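Participant: The structure that follows is given in the form of structure tokens.
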Amino acid sequence: MIRQKPRFLLLEVIDSQREQAAALVGMRELEMLVKTYGGERVAIELQRRDHPHVATYVGPGKVVTLGEQIKQLDIDVVVINGLVNSGQLFRLEKALWPIKHDIKVWDRVDLILNIFSQHAVSTAAKLQIVLAQIDHMGPRMYGLGGTVLSRQGAGIGTKGKGETNIEKERRRSRREKQQIVTKLRAVAGEQRRRMQERKDKGIFVIALVGYTSAGKTSLFNALTKKQKSTNASLFTTLDSIVGRMNPRNGQRPILISDTIGFIRDLPPKLIETFKSTLLESVEAHLLLHVVDASDPEFAAKIVVVEDIIRDLGVTAEPFLVFNKIDLSTKKRIEEIKAQFVDRPHVLVSAQTGDNLPALRQQINRYLDAAFPG
Ligand SMILES: Nc1nc2c(ncn2[C@@H]2O[C@H](COP(=O)(O)OP(=O)(O)OP(=O)(O)O)[C@@H](O)[C@H]2O)c(=O)[nH]1
Ligand SMILES: [Mg+2]
């Protein structure tokens, strides 16, 4: 039976160097992801080991205690806070079958992909997710007890297929992947053509990028007067949307695109998969990097985002927009200004509209530079 609110056990292996307190801070984001998925965090487990166990990620003793917890707490999904290879995930899951036949063992990327498939609207986004799942799940997909979660509704409560016909499944999955890649190429080509058309018409194109939940869609709404949905949970936006910003009198039109947010520890292959969604960012005249100034971890998140956009092939330095200053103290705002004195930036609140005129002014400066005379 599929439960309304699947029960999660969050697990992390930490080496002897890592402080327990730091690991627990890292778990907060995972907890937020579980909540976004619609799950309930029932337990958190840290295991100290210098290296994950080669076969089952956690050691044999831990497999036994995990089993006991799963039984006692009636856990549906064990999610590991990390990127785990699919053999380890599969063997750990299999070791737990005698305790609960439909237990799921996911890593962080499985969880993120399942959230993506809940939120995807457009055909392109859906295709990208299936492709990412084929890549990430590897052999777990076919036969080896795997489940293609996007095809199973919430992805909970499905049983393994057994180990027969693996070769047939593998071939089928390879074919499916090829078909998706071809379709996505067509989507990307079409998007590129539209982008070029806009550029040829002399339209100034801005793309919003940033960590998930930084406030990209809120800023998009504030600048375009649209009402796209925003939410405190993660990955509210998956599909790119484009809106028009009111230009100065007689000025050329400005288009802004809002897209999927980034998060740490995304495998490069996954980013590759989402490239067609992110094309708009690559091709834009100006990239606005939206940062949640009220987040104590924002500096590390800036690095995550900039690494990803570099991987996408963007060479220009994005313009930093520190958002949510309504939540920050005056002292904090001064600190940010001092810390980023060497980089072009503005501090705004998409919610209250504070300092948005300064952002518009900066945008116009970039526009004038892109289309001189
Ligand atoms: N206080 C405050 N909250 C804000 C501001 N901007 C956005 N938020 C809130 O932050 C949360 C995330 O905002 P979104 O605009 O959905 O963020 P996003 O970057 O588009 O997030 P994803 O699409 O999920 O990656 C929502 O709860 C917003 O209401 C702001 O300036 N001030
Ligand atoms: Mg959004």
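The numbers here are math on the coordinates, done by the rules we state, and not lab data. Predicted model, so just to flag it, every value in this text is computed and none were measured. Don't worry about glycine lacking a Cβ; one is built from the backbone with ideal geometry, like all the others, and counts go over all protein chains shown.
Participant: Output needed: percent of Cα pairs per 5 Å distance bin for the stretch 233-357, bins running from 0 to the one holding the longest distance.
Facilitator: Reading the bins upward from 0: 2, 9, 17, 23, 21, 15, 10, 3, 0.
Participant: Can you list the HN-Hα couplings for the stretch 71-81, worked out from phi with the Karplus curve (6.51, -1.76, 1.60; θ = phi - 60°), rounded to whole Hz and with x for Gly and Pro?
Facilitator: The phi angles translate into 5, 4, 9, 6, 7, 9, 9, 9, 10, 8, 7 Hz.
Participant: Another question about this same structure. Just subtract the alpha-carbon distance of GLN251 and ARG343 from 0.36 nm times their residue separation and send over the number in nm, one decimal.
Facilitator: Details: separation 92, 0.36 × 92 = 33.12 nm, distance 2.71 nm.
This chain segment gains 30.4 nm when fully extended.
Participant: Given 5 Å bins starting at zero, what is the percent of C-alpha pairs of the stretch 7-152 in each, up to the one with the largest pair distance?
Facilitator: 2, 9, 20, 22, 22, 15, 7, 3, 1, 0
Participant: Could you give the angle, 0 to 90 degrees to the nearest 10, between helix 166-200's Cα long axis and the longest principal axis of the Cα atoms of the chain?
Facilitator: Between helix and principal axis, roughly 10 degrees.
Participant: Given the C-alpha centroids of the stretch 225-296 and the stretch 305-320, what is the distance between them in whole angstrom?
Facilitator: So the two Cα centres are separated by 13 Å.
Participant: If the limit is 25 Å between Cα atoms, which of LYS126/LYS275; LYS100/LYS168; LYS94/LYS275; LYS62/LYS269; LYS226/LYS324; LYS225/LYS324 go over it? Could the numbers behind the result be given before it?
Facilitator: Numbers: LYS126/LYS275 13 Å; LYS100/LYS168 28 Å; LYS94/LYS275 34 Å; LYS62/LYS269 31 Å; LYS226/LYS324 19 Å; LYS225/LYS324 18 Å.
From LYS126/LYS275; LYS100/LYS168; LYS94/LYS275; LYS62/LYS269; LYS226/LYS324; LYS225/LYS324, over 25 Å: LYS100/LYS168; LYS94/LYS275; LYS62/LYS269.
Participant: Of all DSSP beta bridges in the chain, what percent run antiparallel (nearest 5)? It would help to have the intermediate numbers written out before the result.
Facilitator: Values: 6 of 41 bridges.
Close to 15 percent.
Participant: For the stretch 7-152, give the share of DSSP beta bridges that are antiparallel, in percent and rounded to the nearest 5; count only bridges with both residues there.
Facilitator: On the way: 1 of 17 bridges.
Among the beta bridges of the stretch 7-152, antiparallel pairing accounts for roughly 5 percent.
Participant: Just the number, please: percent antiparallel of the DSSP beta bridges in the stretch 201-370, rounded to the nearest 5. Walk me through the numbers before you get to the answer.
Facilitator: Values: 5 of 23 bridges.
Percent antiparallel among DSSP bridges in the stretch 201-370 is about 20.
Participant: Going by alpha carbons, how many degrees (0 to 90, nearest 10) lie between the helix axis of 123-137 and the longest principal axis of the chain?
Facilitator: 40
Participant: Further, regarding this structure: Over the chain, what lengths in whole Å, largest first, do the semi-axes of the equivalent ellipsoid take, defined as the square roots of 5 times the eigenvalues of the alpha-carbon gyration tensor? Spell out each step's value before the answer.
Facilitator: Details: eigenvalues 322, 128, 53 Å².
In descending order, the three semi-axes are 40, 25, 16 Å.
Participant: If we sort 89-97, 276-284 on the protection proxy, mean other Cβ atoms within 10 Å, highest first, what's the order?
Facilitator: Working: 89-97: 19.6, 276-284: 21.6.
My ranking of the peptides, most packed first, is 276-284, 89-97.
Participant: Also, quick follow-up: So what's the back-of-envelope 222 nm ellipticity for the chain, counting only DSSP H runs of four-plus at -39500 (n - 2.57) apiece and dividing by all residues, rounded to 500? Mind dumping the intermediate values first?
Facilitator: Details: 12 runs with 168 residues, N = 373.
Calculated mean residue ellipticity at 222 nm is -14500 deg cm²/dmol.
Participant: Another question, then. Could you put HIS345, HIS289 in order, starting from the residue whose Cβ has the fewest other Cβ atoms within 10 Å?
Facilitator: Values: HIS345 19, HIS289 23.
The fewest-first ordering by Cβ neighbours comes to HIS345, HIS289.
Participant: If I fit a long axis through the Cα atoms of helix 20-37 and take the longest principal axis of the Cα atoms of the chain, what angle between them do I get, 0 to 90°, rounded to 10?
Facilitator: 80
Participant: What is the set of long-range amide H partners of ASP354 at a cut-off below 5 Å, with H atoms built 1.01 Å from backbone N?
Facilitator: Close amide H contacts, sequence-distant or interchain: SER349.
Participant: While we're here: Once you have the Cα-Cα distance between ASN364 and LYS5, take 0.36 nm times their residue separation minus that, and quote the gain in nm to one decimal. Can you show the working numbers first?
Facilitator: Numbers: separation 359, 0.36 × 359 = 129.24 nm, distance 4.75 nm.
Value of the extension gain: 124.5 nm.
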